[in-house]
Structure formats: structure tokens, C-alpha cells
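Peer 1: Take this structure, written in C-alpha cells, and hold onto it; I'll ask about it next.
The values are calculated or read from the model by the stated rules, or taken from the named source; none is laboratory data. All values reported here derive from a predicted model rather than from experimental measurement. Virtual Cβ from ideal backbone geometry, glycine too; neighbours counted across all protein chains shown. Each accessible area value is taken on the protein alone, full model and side chains, heavy atoms only, with ligands, DNA and RNA left out. Shrake-Rupley method; radii C 1.70, N 1.55, O 1.52, S 1.80 Å.
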Amino acid sequence: MMIKWILRVFAILVILLTLFPYLSFNQWYVRIWDFPHLQIALLTLFALAFYFIKFDLKSKSDYAVVLALTGCFLFQSVKIYPYTAFADTEMGNASANVTTSLSVYAANVLQKNKKVEAVVKDVSKYQSDVVLLTETNERWKNAVVNKLEAAYKYSILVPKDNTYGMLLFSKHPLYEAKVKYLVEDTIPSIHTKVIIDTKDTIQLFAIHPAPPTPQHNPSSVDRDAEMMKITRLTRETEYPVIVLGDFNDVAWSETTALFQRVSGLLDMRKGRGFFNTYNANSWLMRWPLDHVFTSADFRVMQIERGADIGSDHYPFYAKLSLEPKLAEEQKLPPPSKEEVAKAFEQISEKETSQTASH
């Protein structure tokens, strides 16, 4: 009897973990459960398998528990299925003999990380057109600028000691470059146009919003608001768009899903794999936190997760073809009025909290 009760408690815990992220709360201890959908799906399958050990064919409660666990497993599976190789790709492969391309490399280097050479070696391996390094302070700036300036003539350097510093390097000219503080005066984002060799202009946004964790931010309001402000900017530009960085959010969360629906940006991971970038120090608890989202003008030539650079994140690399004539083939449906309103509501929630704090 004791084993049955232990299994039931375990089953109830799994069910609660499945439902928790869908509560209407922004507190970190709720939002954090957006991340481990794959792990919870496996845990649900584990709970379901073990529950059958003591399953009683005459017990209605046993049927209810098994039915609930099965529903949870199916729900979790639906959430992660688009990021498996079995699903359709959202962003198409590059056409044959494509002539216009742009490669990007994004890495959260971990501010306290001392392995500068490992980072430089991985950057040099890919020879990406654009490189974004986050969690970079003055020490990091002084360590990498001399090593990269020969290959990267253009740069925007925003070192900070609060783990939100950003260093952006480019082989192509940067135009109308701005450093903005969308939600907090301590958390920068880089907004710039990139003029590539074909003279095409790309609008690039580099972001690193605060995560919903007790040591950083007790709620997800700041992160969500920054992401939604970026959607507003992507909707206003006439140029092909790339948004990259450490989003501190997983690809399948409700926030990122809303970000995609409102911005219209594509997720190259869908149909290709998870490419989990965090946590590099745990093989079990890993999920995709570092992203490169693009407008429908781009297609995929190559995607890779970078090497171990001594950080708690792996780098993320993507080589993209610019094919605007084929954009209509993969454009996402326009967002509904309700979705746009929800995005603006998240922006307003942050602005209201800022006004109240002053």
C-alpha cells in the first residue's frame, strides 16, 4: 500500500509540473518550469511505467491517474515535437548555388570564465561574419579585442560588470548602430544595420534579457517586456531581420511562441533539433537558451552548436542565405489582434511597474 501511495504522490508531482507553467503568474518559481519540458516528458513516461507495477484493474483512481499521466506525456510531447528531426522545418534550406549569405555566432562566455583562448579558438574556427559575445566585462573586452580586430574591422563594445555586457564584432560595415536600454538602465541591447558585400542591408538586434531567477530577477516581467519590445521594432523595419543572443528563455515557452507570432520571425531549430546551449555543465538539464531568429527572407545553410569554451553555455552558429524572393513560401501567418494586444500588454506591465517604483 505504501508503494502505491508513493507512486501516486510521484504522479501528482509530475502532473503539477506539467500544469505549473500555465498559471497566470510571472514569479520565477512558476516561469522556471517553462524550461525542462523534455525532462518532464521523460519523467512523466517514467512515472507512467512505474505506476503500472501496482495498477489495480478495479480501481477507478488508478485509471484516473494513468489517464492524467498519459495526457501530460502527450502534452509535453506535443510541445517538444517541433524541435525534433521528425517535424517539418519552419525555415527552409538554402537554394542551390545561392550567392548571398551571412553567418552569425553567438556565445555567452560566462563573465568569470578565464578561458579566453578557448573562445577565440572557437570564433576563429567558424570565421563568422558577425560575432556576439555576452556576459563580457572590461577584462573580456581587453582580452579579445586585440585578438579579433584583425578579422573584424567593425565593432560595438558595451562591456559591463553586471553580467550583461555585450561585444559585437562584424566583418561588414555597421550603420545606424545604437545601444539601447529597453527595460532597465543596466541591461543593454544592440540595434544596428549590417551592410553586407552585395550592398543589402540587414537589421540586427542583439539582446540578453534578465532571466526569471531569484538571484537575477524574481519575475519574468523584464525578460518578457524586452522580447515584446523587440517584436514591435521588427514589425516597423523594412529590412530583413536577425535577432540573436541569450534570450534566457527556451524555444517552446509561451513567451517565445508569442514573440514569434507577433514578430513573424522564424525558428531555424524547428525540424532540425534542439541544439541545446545551456547548461554546458549538466548533460541532463540542458535546453536551448541562445537563439538566432530571422525574418522569412533568410534560409538555412548550416547550423551548429559550438565547442566547450569554459562557459555554462555552448555557442550557437548559423550560416544563412538571403533569399527575399522566396520569403512568401515560409512566412508565418499574421498575428491576431489578441496576440498583438497580449504582447503590448506585457510591455505595458513593465512600464506600469517602472512608474510605480518611481
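Peer 1: Could you put M166, M2 in order of accessible surface area, largest first, with the 1.4 Å probe and the full protein assembly present?
Peer 2: Largest accessible area first, the list is M2, M166.
Peer 1: For a quick check: with amide H placed at 1.01 Å from N, whose amide H comes under 5 Å from E90's, ignoring anything fewer than 5 positions away on the same chain?
Peer 2: K270
Peer 1: If you don't mind, another one. Output the 0 to 90 degree angle, nearest 10, between the alpha-carbon long axis of helix 116-126 and the longest principal axis computed from the alpha carbons of the chain.
Peer 2: It works out to around 80 degrees.
Peer 1: Starting from the Cα of T99, step 7 Å along the direction of its Cβ; do the same at A307; then give the gap between the two resulting points in nm.
Peer 2: 3.5 nm
Peer 1: Hull surface divided by four, with the convex hull built on the Cα atoms of the chain: how many nm²?
Peer 2: 20.4 nm²
Peer 1: Could you give me the ³J(HN,Hα) list for the range 313-319, computed from phi with Karplus coefficients 6.51, -1.76, 1.60 and θ = phi - 60°, whole Hz, x at Gly and Pro?
Peer 2: 10, 8, x, 10, 10, 9, 10
Peer 1: A further question on this structure: From largest accessible area down, sort K160, K147, K121; use a 1.4 Å probe on the protein chains. Let's see the in-between values first.
Peer 2: Details: K160 50, K147 95, K121 155 Å².
In descending accessible area the options line up as K121, K147, K160.
Peer 1: Cut-off under 12 Å on the C-alpha distance; same-chain residues fewer than 8 positions from K153 excluded. Which aspartates and glutamates are left, in chain and number order?
Peer 2: Cα-Cα hits under 12 Å: D129.
Peer 1: Under the rule of at least 5 residues apart or a separate chain, name every residue whose amide H is placed under 5 Å from the amide H of G165.
Peer 2: Result for G165 returns E135, T136, K160.
Peer 1: Each residue of the range 183-192 in order: what ³J(HN,Hα) in whole Hz does its phi give by Karplus 6.51 cos²θ - 1.76 cosθ + 1.60, θ = phi - 60°, with x for Gly and Pro?
Peer 2: Working through the residues one at a time gives 10, 9, 6, 10, 10, x, 9, 10, 10, 8 Hz.
Peer 1: Around L326, under 9 Å between beta carbons, what's the net of Lys plus Arg minus Asp minus Glu among the other residues? Please list the in-between numbers first.
Peer 2: On the way: positive: R299, K325; negative: D297, E323, E328, E329.
Result for the local shell: -2.
Peer 1: If you don't mind, another one. What does the accessible area of D161 come to, in Å² to the nearest 10, when a probe of 1.4 Å is used?
Peer 2: Roll a 1.4 Å probe over it and D161 shows about 120 Å².
Peer 1: Which value at 222 nm does the chain reach when only helices count, each DSSP H run of 4 or more adding -39,500 (n - 2.57), with the total divided by all residues and rounded to the nearest 500 deg cm²/dmol?
Peer 2: Theoretical 222 nm ellipticity from helices: -11500 deg cm²/dmol.
Peer 1: Which value, in debye to the nearest 20, describes the size of the charge dipole of the range 246-358 about its Cα centre when Lys and Arg Cβ atoms bear +1, Asp and Glu Cβ atoms bear -1, and nothing else is charged?
Peer 2: Charge dipole of the range 246-358: 340 debye, to the nearest 20.
Peer 1: While we're on this one: Percent relative contact order of the chain, based on C-alpha pairs within less than 8 angstrom and at least six residues apart?
Peer 2: Values: 708 pairs, mean separation 68.0, N = 358.
Relative contact order, the chain: 19 percent.
Peer 1: Using alpha carbon centroids, what distance separates the range 47-112 and the range 279-342, in Å?
Peer 2: One Cα centre to the other: 17 Å.
Peer 1: Roughly speaking, to the nearest percent, how much of the range 221-313's 1.4 Å accessible area is carbon and sulfur? Working shown, then result.
Peer 2: On the way: 1180 of 2670 Å².
It is 44 percent, rounded to a whole number.
Peer 1: At a 10 angstrom cut-off on C-beta neighbours, averaged per residue, how do the peptides 91-97, 248-254 rank from highest to lowest?
Peer 2: 248-254, 91-97
Peer 1: Could you pull out every residue, at least 5 positions away or on a different chain, whose amide H is within less than 5 Å of the one on A177? Hs are placed 1.01 Å off N in the peptide plane, and Pro or chain starts have none.
Peer 2: HN-HN under 5 Å from A177: K193.
Peer 1: Moving to a separate point now. Which value, in Å² and to the nearest 10, is the accessible area of E90 when all protein chains are kept and the probe is 1.4 Å?
Peer 2: 40 Å²
Peer 1: In square angstrom, rounded to the nearest 10, how much accessible surface does I195 have for a 1.4 Å probe?
Peer 2: 40 Å²
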